[in-house]
Amino acid sequence: MPATMHEQEKINRARAISYDEVRAIPDVWPIVAEQYGDTIALLDPHASARTTYTYAELATDIKQFAAGLQAINVQPGEKIAIFSENRPRWLIADQGIMPAGAIDAVRGANAETRELLYILDHSDSIGLVVQDLATLNKLADGLASRQLRFIVLLTDESLEAIANIGGAKLLNFSEIMSLGKELKPVEFAKENTATLMYTSGTSGSPKGVMLSQANLLSQIAGASSVVSVSPGKKVMSILPIWHCYERSFEYFTLSQGCTQVYTNIRYVKTDIKAHSPHYMVAVPRLWESIYEGIQRQFREQPAGKQKLVQFFISQSLKYIKAKRLLSGLTLGRLESSGIEKLMEILKLSYLWPIHQIGDTIVYSKVRKALGGQIEYLVSGGGSIADHLEDFYELAGIEILGGYGLTETSPITHVRRPWRNLRGADGQALPGTETAIVDLEKRQPVPVGTSGLVLLRGPQLMQGYYKNPEATQKVISADGWFDSGDIGQLTQWGDLTITGRAKDTIVLTNGENIEPTPIENACLRSPYIDQIMLVGQDQKALGALIVPNKDVLEQWASEQWVSEQWASEKGITLDLQSDAVRSLYKQVLTREVTNRPGYRADDRIASFALIAEPFTIENGLLTQTMKVKRNKVGDRYHELIESLFS
């Protein structure tokens, strides 16, 4: 792709709402309401009473909520905490706080009480908006000693049985909405702080990232320039709304007149079939879960059908790889000679009919399982394994990967539909600068060389709230943000993230190992559900592995393995048996050595199989399904030490 702007990007930017006269995100809603007033904006099929908002109703209720806050004397610049999971009224509260000139500090209601109270204190919030009465009761003891002026429920539950908590005025949703008469105009600029978004706090206390109205608007403008979404088409919301990734994507799709359908982990697969979304944004773990569900259905077929499915998949994988190579969309082989292109054309000519038959017999059913209308999926919050992208691509479902951090609002890079370079994290959004520098000297490195990723652009945060020292550590005097990530650029500006600087494993021979690419290679195996590499200051790598129980049980049922079966329900596997360990040793060796760029230091010399998966509930995954490496390391400290003893 040439360095000049792609023609489709020019068209997208021309179609996008002009933000020259827009001061803040709340200014978008009257514009959208005028264009798409009767279109359904929000749909929550799992609320106690099915909740639906048109764009006209949404704009009206946002204004009414803001007026209600002004009626209880909320002043510009004051902070109000919102502790809630995804729901339509979250958006009304979030966008209602901003027109009143206030700043919200957001977090999910399911976070630990201690963390929520820390955020409430650290943000200097004078008021609190909570998901429901259960959330309020969860926090009640801690709120008694805090001098809040008011607490608002996002439900209409009665507050009669609740004593005033620390003297705070208690209001349910209907009551705050009934207080407002007329919204008084508030003067503020794009540079005003809009929100405090707290980092996950996997090490130490969470930091409050200050994002301005300009930061948030840059995300709508940036996304509008690189992807097109259509009014009335459905987008499914599953990620936590207090996470920057989901929040910015929602602002974008709603600014374009889409219909947002709320779901959750429990209902997502049912909702996808019931509501047939056109767009969806999630983390790799969800795409992996859907993939594994489809694979399970394949494994339940008779042996003959299984062989037929595997034949078509194997041939289609060759087809899509040849197609990518011919298009220059394979990382590491961006340019091909004339002879190489001719070979790929010949491959395509004989693989195309087989792929089409496979599409009719197999892949069309995969698309149907995803509602049948998916135009594209967006994956972020971590790297997605190659085998997942291969599978969705051969099924005709496009995944657009991206990159960013809370500190960058979050999106800085995204793969375009016209340049969906596999293995990369996309080109920069308009106005975003990327620099790759040496970790020690901080000097630029040659194109194609890995180094520390520095970022600069309109989405860069204002800083960490009440923490100038931490801000100065990550933002240089000339405005470059230290992402803490290791990556490299192609000559066309495609960014590839290869790991975290702090996640790098240094072996005793001095070799630096980036764990993520090796972990992704291992996840290609259906026998591995989760994996985390270890080995800092050791001679070789080790791994903690959570096996895929279903696949392992199927394997065991086809084997004669002593002492395998011991469970009141039937089948339970002894993960420490010689047979199982031998299987996983073979799997690790095969997947790691077959990885492109394999070197001897990538070898996993020792491993442990653990039965308990890494989950949000046990504190080993973040809300966006990323492994908390330090927490896993702490929990399994003795087990990890035993790998190297």
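The values are calculated or read from the model by the stated rules, or taken from the named source; none is laboratory data. As the structure is a prediction and not an experimental result, all values here were calculated from the model. Glycine gets a Cβ as well: all are built from the backbone with ideal geometry, and neighbour counts include every protein chain shown.
Filtering the range 432-453 to residues that are modelled with pLDDT of 95 or more, touching a Gly at 6+ places or on another chain (Cβ under 8 Å) and in a loop (DSSP other than H, G, I, E, B) leaves T432, V445.
In the range 250-274, which residues are in a helix (DSSP H, G or I) and of a type outside the set (S, T, Y)?
Result: E250, F252, L254, V268, K269, D271, I272, K273, A274.
Suppose we filter the range 332-347 for residues that are within 22 Å of R415 (Cβ to Cβ) and either surrounded by fewer than 15 Cβ atoms within 10 Å (Cβ to Cβ) or touching a His at 6+ places or on another chain (Cβ under 6 Å) (or both); how many remain?
Of the residues in that region, 3 qualify.
Results for (1) on the phi > 0 side of the Ramachandran plot; (2) modelled with pLDDT of 95 or more; (3) touching a strand residue (DSSP E or B) at 6+ places or on another chain (Cβ under 8 Å); (4) not assigned by TED's automatic domain parsing to the domain that holds C522, shown as yes or no for each residue.
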| site | (1), (2), (3), (4) |
| --- | --- |
| I345 | no, no, no, yes |
| S349 | no, yes, no, yes |
| I357 | no, yes, no, yes |
| K365 | no, no, no, yes |
| G380 | no, no, yes, yes |
| D390 | no, no, no, yes |
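With the requirement that a residue be buried (at least 17 other Cβ atoms within 10 Å of the Cβ) and not aliphatic (A, V, I, L, M), what does the range 504-515 give you?
Kept after step one, since they are buried (at least 17 other Cβ atoms within 10 Å of the Cβ), are these residues of the range 504-515: 505, 513-515.
Listed by number, the residues that qualify are E514, P515.
If the condition is being in contact with a Lys or Arg (Cβ under 9 Å, 6 or more places away or on another chain) and at pLDDT 95 or above, then the range 43-59 contributes L43, D44.
Could you tell me which of the residues L460, L452, L533 is of a type outside the set (F, W, Y), within 24 Å of K631 (Cα to Cα) and buried (at least 19 other Cβ atoms within 10 Å of the Cβ)?
Details: L460 fails: within 24 Å of K631 (Cα to Cα); L452 fails: within 24 Å of K631 (Cα to Cα).
Matching residue, one of L460, L452, L533: L533.
Does T496 satisfy the condition of being part of a helix (DSSP H, G or I) and under 23 Å from P458 (Cα atoms)? Considered against the rule, which asks whether it is part of a helix (DSSP H, G or I) and under 23 Å from P458 (Cα atoms), T496 comes out as no.
Out of curiosity, is I374 assigned to a loop (DSSP other than H, G, I, E, B) and modelled with pLDDT of 90 or more?
Taking the combined requirement at face value, the residue satisfies it.
Within the range 585-614, the set of residues being in contact with a helix residue (DSSP H, G or I) (Cβ under 9 Å, 6 or more places away or on another chain) and in a helix (DSSP H, G or I) comprises V587, L588, E591, V592, T593, D602.
Tell me, yes or no, whether the range 261-269 has at least one residue that is of a type in the set (S, T, N, Q) and within 24 Å of E389 (Cβ to Cβ).
Kept after step one, since they are of a type in the set (S, T, N, Q), are these residues of the range 261-269: 263-264.
Keeping just the survivors that are within 24 Å of E389 (Cβ to Cβ) gives 263.
Yes, the range 261-269 contains a residue that is of a type in the set (S, T, N, Q) and within 24 Å of E389 (Cβ to Cβ).
Of the set (1) in contact with a helix residue (DSSP H, G or I) (Cβ under 9 Å, 6 or more places away or on another chain); (2) farther than 19 Å from G358 by Cα, all apply to S337 but (1).
The lone criterion from (1) within 30 Å of L621 (Cα to Cα); (2) more than 23 Å from the chain's Cα centre (by Cα); (3) not aliphatic (A, V, I, L, M) left unmet by R416 is number (2). Of all residues in the range 82-101, none are crowded, with 23+ Cβ neighbours inside 10 Å, under 30 Å from the mean Cα position of the chain (by Cα), small (G, A, S) and in a strand (DSSP E or B).
Filtering the range 467-485 to residues that are surrounded by 13 or more Cβ atoms within 10 Å (Cβ to Cβ) and part of a loop (DSSP other than H, G, I, E, B) leaves N467, S476, W480.
Yes/no matrix, rows are residues, columns are (1) over 22 Å from L552 (Cβ atoms); (2) in contact with a Ser or Thr (Cβ under 9 Å, 6 or more places away or on another chain):
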{"residue": "A608", "(1), (2)": "no, yes"}
{"residue": "P613", "(1), (2)": "no, no"}
{"residue": "T622", "(1), (2)": "yes, yes"}
{"residue": "R629", "(1), (2)": "yes, yes"}
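All conditions but one from (1) among the acidic types (D, E); (2) touching a strand residue (DSSP E or B) at 6+ places or on another chain (Cβ under 7 Å); (3) touching a residue at least 24 places away in the same chain (Cβ under 8 Å) apply to D38; the one that does not is (3).
For the range 348-367, the set of residues classified as surrounded by fewer than 17 Cβ atoms within 10 Å (Cβ to Cβ), within 23 Å of N420 (Cβ to Cβ) and either within 33 Å of the chain's Cα centre (by Cα) or of a type in the set (K, R) (or both) consists of Q356, S364, R367, listed by residue number. Of all the listed residues (G338, G293, G328, G304), the sole one being at positive phi and outside the structural domain of T498 (by TED's automatic domain parsing) is G328. Scanning the range 202-210 turns up one or more residues that are closer than 30 Å to L460 by Cβ and among the β-branched types (V, I, T). With respect to the conditions (1) among the aliphatic types (A, V, I, L, M); (2) touching a residue at least 40 places away in the same chain (Cβ under 8 Å); (3) closer than 18 Å to P206 by Cα, L120 falls short on a single one, namely (2).
Suppose we filter V28, V106 for residues that are touching a residue at least 60 places away in the same chain (Cβ under 8 Å) and either polar (S, T, N, Q) or in a strand (DSSP E or B) (or both); which single one remains?
Testing whether each residue is touching a residue at least 60 places away in the same chain (Cβ under 8 Å) and either polar (S, T, N, Q) or in a strand (DSSP E or B) (or both) leaves just V106.
The set of residues from the range 619-645 being free of Cβ contacts under 8 Å to residues at least 12 places away in the same chain and in a loop (DSSP other than H, G, I, E, B) comprises just one member, S645.
Restricting I238, I272 to residues that are modelled with pLDDT under 95, in contact with a strand residue (DSSP E or B) (Cβ under 8 Å, 6 or more places away or on another chain) and surrounded by fewer than 23 Cβ atoms within 10 Å (Cβ to Cβ) narrows the list to I238.
Give the range 586-635 a look and list any residue that's hydrophobic (A, V, I, L, M, F, W, C) and touching an Asp or Glu at 6+ places or on another chain (Cβ under 6 Å), or say none. Explain how you work it out, then say what you get.
First, the residues of the range 586-635 that are hydrophobic (A, V, I, L, M, F, W, C): 587-588, 592, 600, 604-605, 607-611, 614, 616, 620-621, 625, 627, 632.
Once the filter is applied, which keeps residues that are hydrophobic (A, V, I, L, M, F, W, C) and touching an Asp or Glu at 6+ places or on another chain (Cβ under 6 Å), the range 586-635 yields only V592.
Assess whether V580 counts as being within 25 Å of S379 (Cβ to Cβ) and hydrophobic (A, V, I, L, M, F, W, C). It is false that V580 is within 25 Å of S379 (Cβ to Cβ) and hydrophobic (A, V, I, L, M, F, W, C).
Of the conditions (1) outside any strand (DSSP E or B); (2) over 20 Å from L621 (Cβ atoms), G542 satisfies every one except a single condition; which number is it? Going through (1) outside any strand (DSSP E or B); (2) over 20 Å from L621 (Cβ atoms) one by one, G542 breaks only (1). In the range 186-226, of all residues being at pLDDT 90 or above and part of a loop (DSSP other than H, G, I, E, B), the one that is surrounded by the most Cβ atoms within 10 Å (Cβ to Cβ) corresponds to K207. The set of residues in the range 123-181 that are among the charged types (D, E, K, R), assigned to a loop (DSSP other than H, G, I, E, B) and without any contact (Cβ under 8 Å) to a residue 12 or more places away in the chain contains only E160.
Scanning the range 449-466 for residues that are touching a residue at least 40 places away in the same chain (Cβ under 8 Å) and over 26 Å from the mean Cα position of the chain (by Cα) gives a single hit, K466.
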